[in-house]
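Enquirer: Take this structure, written in structure tokens, and hold onto it; I'll ask about it next.
The values are calculated or read from the model by the stated rules, or taken from the named source; none is laboratory data. Because the structure is predicted, anything quoted here is derived from the model rather than measured. Ideal geometry is used to build each Cβ from the backbone, glycine not excepted, and the neighbour counts take in all protein chains shown. Remember, those area values only see protein heavy atoms, side chains included, never the ligands or the DNA or RNA. Shrake-Rupley method; radii C 1.70, N 1.55, O 1.52, S 1.80 Å.
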Amino acid sequence: MIGQLDHSVLQVLWWLICSLVGALFIFMTFVQGGQTLLLTTTKDEKAKSLMVNSLGRKWELGFTTLVLFGGALFAAFPLFYASSFGGAYWVWILILLTFVLQAVSYEFRKKPNNPLGPRTHEVFLFINGSVGLLLIGAAIGTFFTGSNFQLNDYNLVSWQHPLRGLEAAFSLFNLSLGLFLVFHARTLGSMYLVNNLIHEDLEGSLRRAAVVNLICSLPFLLYVLGSLLTMDGFAVDPATGQVAMESYKYLHNLLAMPLQGLGFLLVGLVLVVLGVILTTFTTKRSGIWVAGPGTVLVVLALLFTAGYNNTAFYPSKFDLQSSLTIHNASSSHFTLTAMSYIALAVPFVLAYVAYVWRAMDMGKLSSSDISADKGHDFY
Amino acid sequence: MIESFDLTQVNWARAQFALTAMYHWIFVPLTLGLAFLLAFFETIYVRTGLEHWKTITKFWMRLFAVNFAIGVATGIILEFEFGTNWSNYSWMVGDIFGAPLAAEGIFAFFLEATFFAVMFFGWDRVSKRFHLISTWMVAIGSNLSALWILVANGWMQNPVGMAFNPDTARFEMENFWEILFSPVAISKFTHTTSSSFQVAALFVIGISCWFLLKKRHLAVAKRSIVVASVFGLLASGVVAFTGDEGAYTVAQKQPMKLAAIEGIYAGEEGCALCAMGVLNPNMQPGDDDDPYIFAVKLPYVLSILANRDPNSFVPGINDLVYGNPGQGIVGVTDRMDSGKIALDELARYKIARKVGDDQTAEAALALFRQHEDDLGYGFLQKPEEAVPPVALSFYSFRVMVALGTFFPILFIALLFFTMRNKIESQVWLQRLGVLSLFLGYIATQAGWVVAEVGRQPWAIQGLLPVSVARSNLTTATVQTTFFIFLVLFTVLLIAELRIMLKQISIGPEEN
């Protein structure tokens, strides 16, 4: 059944799936945002531990979503995986290192006899939530600003910049996107913690943090959106596959996709703001469940803009014709078909994740849950 | 295809990948096996309602969590290192190799990540039954994860179900089921997981024996030893069976690896197995000397293991490198010539396609197809490059097999004395139990050395040498990341060991 679909349809489908996984990962960066809030929200050790324990029940889901994002891109668009990871070496290595620090920090932070001590692990978590997200934002920014690579006749990549990917962080657009992600994650993190915790002092600080971080993120968001709507983009001629610069390409893309482009973007932004308003100016705790889907919609809109409507999603500004599109970078028809059958399990996975999430979060987490008489079942 | 390559850079990339993989493999086997042991302990608790089984479960779960975190940390590096350090590989076989990695994410990682939170934090938040199911889900999820990555590894050792596409210059998948159910993949999965179960059993036994030596937590220790020994003993049966299957598939699909493992240079009919021995360190491919300084040989055994026939011919390194027409073996020397034709014709095809010369393209493609099976050999500079490090393969294999033979004896002894309630007086056995914790890790690391060193120089057996699979990075870049990873992983390992030792010293929270 799926095998009868045209190769180009499968390529579109797989860009959708990868975009969805990527969007869910950005939603899950509320964990990273919460990690950076640890150092700025409270000095009370018990309150801090409560925050860590709340985030600690979710960090693996975010981590796993990132790993799946990588795996799905590898399977569906191996030329992107090979070109970007092997080319923009340093940016990816640094991102990965921050996630290594995250992976051990929850478990190790409070454990007795740990030579690194809790403060070191809190710094590790901060690095993951700040530097890690900043670099991820910069890497995603290159979907629009381009990278410095060239492919030979055998599709093997050579990178043409000595910083091997770190140069992405020196573009104002990429940097702004990165900083937006950092502050947005803090906004989401505040809303998640408000939703998940019962702690009077923390609650007030977190509710304020939601709006403060939204305001901090706005200049970067506005710069990114302003640039995106006015910049030249990397357009692909569908007949020849040739890549050329086109004025207002991304604005054209958003307008060409009124629902999944402009629509998702606007609705998503409104939902994020609404989530913050609910959190800060009302007593409701459900802001995260409004801003979270909003975040997913915004990221989907951005990734659709990067990849659909005859656009190179991983453009090379060094050699335009080396740019990657969802058509020239994809796996074969057979592999995409096989992968599509595997992807039929995704709704089932989402269902059990949601079920377990609900079962575990039915009761809010409070200080009594991490008291000493609970033994060692906490971070 | 590749203009030039820096062998030093390739070796640093290999070292970095080996470093990451070996660190990762300190933690993974324990996760794979201990997850099932937790499930067994908790099942007994739920079925009997006896609180002490809950105490046992929670104690081992605490150690599981410390180990799990660092396994995850090293795992993410490993996944992305395929792209960062082996980008040519990622493109040339990504169409096949990426699918199992994505399947691993969808089917396995989410099971682990989702239910780990319930298993660890859900004791008071969900029902007893739901908690037990969650523990089982973590065990199943972690082992499913092993299935997919080992299928991918099995495919690298025995590439099947694919074809080379000259237009995209990559290998593309043609048969998913052939890849999933390849005998090499099945044998890799079953052997690796069952040996991991042994490691976990030895871990539980080692710590329990330490408690016995210290006269602490005696009941917890004895109960843990019984369950772990039964689990380890059952796993040992599977390890032996799948080890035999593995040897057979290696003989059929990777004869050079078998020759290196056995240190055989001149093949023979009715070939003996070297049970133990010392290699002649001066031996080189092409030499006629005796490859062993000392050897205890079991006549005909290697022929039986390799071909299920005591009189069959088992090729040696010299047969495989230089050819043996009498046995119908085409040597690396000839395959290199054939491979270079394949590479030249592929280049001619690409140029012809570029300028629209269909006739030349067709002719070049036809010739390429005749030689494509030898494509990988065309990249080699000299035939001896096809020989993996013999001594490392030979000795690692013997360490693995010797320890693998010892473990079931240990499990039986422990079971015998524990069931007869005499274990507390057997100090020698308790000490041996503690020592065996480390032996389990040595055995499993040695196994991977055999599997991975033994298949060098190939990233994909016969098709893609590591020198071509690499990323286009400078040696200094890879050296820098190698040392970053070395320092980081070592610091984290030290932290993990200190935390683990403290948790062991605290012991179970018995009422």
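Enquirer: Considering only A:352, A:226, A:277, whose Cα is most displaced toward the positive end of the charge dipole of segment A:222-379, charges sitting on Cβ of Lys, Arg (+1) and Asp, Glu (-1)?
Expert: Value computed over the given set: A:277.
Enquirer: Among A:183, A:166, A:252, flag the residue with its Cα farthest along the positive direction of the charge dipole of segment A:2-369, charges on Cβ as +1 for Lys/Arg and -1 for Asp/Glu.
Expert: Projecting each Cα onto the dipole axis, the largest value belongs to A:183.
Enquirer: How many angstrom separate the Cα center of segment A:161-212 from the Cα center of segment B:25-102?
Expert: 30 Å
Enquirer: Name the residue from B:119, B:78, B:102 whose Cα lies farthest towards the positive end of the charge dipole of segment B:77-192, charges +1 on Cβ of Lys and Arg and -1 on Cβ of Asp and Glu.
Expert: Value: B:119.
Enquirer: About its Cα centre, how strong a charge dipole does chain A have in debye, to the nearest 20, once Lys and Arg get +1 and Asp and Glu get -1 at the Cβ?
Expert: Here chain A has a charge dipole of around 860 debye.
Enquirer: Can you give me the solvent accessible area of residue A:151 with a 1.4 Å probe, rounded to the nearest 10 Å²?
Expert: 30 Å²
Enquirer: Here's something else I'd like to know. Quick check on chain B: helices-only [θ] at 222 nm, where DSSP H runs of length 4 and up contribute -39,500 (n - 2.57) each and the sum goes over total residues. Nearest 500, please.
Expert: The helix contribution divided over chain B gives -24500 deg cm²/dmol.
Enquirer: Related question: Show me you know the interface measure: the accessible area buried between B and A, both chains summed, probe 1.4 Å, in Å² to the nearest 100.
Expert: Roughly 7200 Å² of accessible surface disappears when B and A pair.
Enquirer: Let me make sure I get this right: for the protein assembly as shown, a, b and c are the square roots of the gyration tensor eigenvalues over alpha carbons, sorted descending. Under 1.5 in a/c it's rounded, otherwise prolate if a/b > b/c, else oblate. Which is it?
Expert: Taking the square roots of the gyration eigenvalues as a ≥ b ≥ c, the protein assembly as shown is oblate.
Enquirer: If you average the sequence gap of Cα pairs under 8 Å that are 6 or more apart and divide by the length of chain B, what percent do you get for the contact order?
Expert: RCO, chain B: 20 percent.
Enquirer: Further question on the same structure: Leaving out same-chain residues fewer than 8 places away, which lysines sit with a Cα under 21 Å from that of residue A:249?
Expert: Cα-Cα hits under 21 Å: A:317.
Enquirer: Over segment B:335-383, calculate the relative contact order: mean separation of alpha carbon pairs under 8 Å at least 6 apart, over the residue count, as a percent.
Expert: Computed value for segment B:335-383: 59 percent relative contact order.
Enquirer: In square angstrom, what is the accessible area per residue of segment A:2-369 with a 1.4 angstrom probe?
Expert: 34 Å²
Enquirer: To the nearest whole number, what is the average tally of beta carbon atoms from other chains within 10 Å of the beta carbons of peptide A:162-169?
Expert: Mean shielding by partner chains, rounded to a whole number: 1.
Enquirer: Cα to Cα, under 21 Å, and not fewer than 8 places away if on the same chain: which lysines meet these conditions relative to residue A:46?
Expert: The qualifying lysines are A:58, A:110, A:111, A:364, A:374.
Enquirer: Taking the Cα centre of each part, how many Å lie between segment A:41-74 and segment A:298-349?
Expert: Here the answer is 27 Å between Cα centres.
Enquirer: Just checking the output field for A:102-114: average partner chain Cβ neighbours within 10 Å of each residue's Cβ?
Expert: 6
Enquirer: Size of the dipole of the protein assembly as shown about the Cα centre, Lys and Arg at +1 and Asp and Glu at -1 on the beta carbon, nothing else charged, in debye to 20?
Expert: Dipole of the protein assembly as shown, to the nearest 20 debye: 3860 debye.
Enquirer: Within the set B:222/B:502; B:188/B:350; B:257/B:297; B:257/B:340, which residue pairs have Cα atoms separated by over 28 Å?
Expert: Too far apart for the 28 Å limit: B:188/B:350.
Enquirer: Ignoring ligands and nucleic acids, what accessible area does residue B:353 show with a 1.4 Å probe (Å², nearest 10)?
Expert: Ignoring ligands and nucleic acids, residue B:353 comes out at about 120 Å².
Enquirer: Hey, what did chain A get for relative contact order, percent, Cα under 8 Å, at least 6 apart?
Expert: 24 percent
Enquirer: What's the center-to-center distance, using Cα atoms, between segment B:322-382 and segment B:135-160 in Å?
Expert: 34 Å
Enquirer: Could you name the aspartates and glutamates whose alpha carbon sits less than 17 Å from that of residue A:284, not counting residues in the same chain fewer than 8 places away?
Expert: Partners within reach: A:200, A:201, A:203, A:361.
Enquirer: When the accessible area of chain B is computed with all protein chains present and a 1.4 Å probe, what percentage of it is carbon and sulfur?
Expert: Of all accessible area on chain B, carbon and sulfur atoms account for 63 percent.
Enquirer: On to the next question. When the accessible area of segment A:215-285 is computed with all protein chains present and a 1.4 Å probe, what percentage of it is carbon and sulfur?
Expert: Here it works out to 74 percent.
Enquirer: With charges only on Cβ, +1 for K and R and -1 for D and E, what is the dipole size of segment B:259-327 about its Cα centre, in debye, rounded to 20?
Expert: Its charge dipole is roughly 260 debye.
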